[in-house]
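Notes follow once the structure below has been shown.
The values are calculated or read from the model by the stated rules, or taken from the named source; none is laboratory data. Source: prediction; values computed, not measured. Using ideal geometry, Cβ is built from the backbone for each residue, glycine included, and neighbour counts are taken over all protein chains shown.
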Amino acid sequence: MQHNDLLGVLVAEFPNRACAQEAIRDLHHAGVRRTWLGVAKSGAGTHGREQVEDLGIAHVIARWLRRDQDQTLYEALCEHGVAEAEARRIDGSVPAGDCVLVAEDVLHLDGAASIAVRHGGTMLVIPEEIDASAFQPLRDPMVDTRIEAARRHPAR
């Protein structure tokens, strides 16, 4: 897969799917169209790595027909443009049930990172040209409310 070196890749972890999907919606409104969302599944996969379920495939039959159903988080991250060293560092660190969002081909990295953090995400990969200290979580009372509501009423 060929990527433009002027564009970046961001990876964020979310405590639930609802917060991640709100971040995706806002990223799409901001012009970031290439996003991927997966959820870490319990149970170790090959070589002790956690498995990941691709939440980007909406149709049940399409998920069933997908060849790489037993994809590890490391493999999914590499497939979506994350550098191997970063994917290796992240692999094994995401708790089961947490969602991982990858935004590819991001033109305005700082804006995309702030959108992810605003919706309760924790940045796992921030390109070097961004000052990570600038992205402290905002104290939005609705973030805590949405997280609590998602815990009480899981999507699945």
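Quick notes
- If the condition is being at pLDDT below 90 and basic (Lys, Arg), then region 1-33 contributes only ARG33.
- The set of residues from region 73-95 being touching a helix residue (DSSP H, G or I) at 6+ places or on another chain (Cβ under 8 Å), among the charged types (D, E, K, R) and either within 20 Å of VAL32 (Cβ to Cβ) or surrounded by fewer than 15 Cβ atoms within 10 Å (Cβ to Cβ) (or both) comprises GLU84, GLU86, ARG88.
- Unique residue being touching a strand residue (DSSP E or B) at 6+ places or on another chain (Cβ under 9 Å) and either at pLDDT below 90 or closer than 14 Å to GLU13 by Cα (or both) when the list is GLU129, GLU148: GLU129
- Every residue from region 34-51 that is in a strand (DSSP E or B) and either modelled with pLDDT of 65 or more or crowded, with 16+ Cβ neighbours inside 10 Å (or both): ARG34, THR35, TRP36, LEU37, GLY38, VAL39, ALA40, LYS41, SER42, GLU50, GLN51
- Checking the stated criteria, ASP98 turns out to be among the acidic types (Asp, Glu), at pLDDT 90 or above and either surrounded by fewer than 19 Cβ atoms within 10 Å (Cβ to Cβ) or under 19 Å from HIS28 (Cα atoms) (or both).
- Checking each residue of region 52-61 against the condition of being buried (at least 16 other Cβ atoms within 10 Å of the Cβ), over 16 Å from the mean Cα position of the chain (by Cα) and either closer than 22 Å to ILE115 by Cβ or at pLDDT 90 or above (or both) gives no match.
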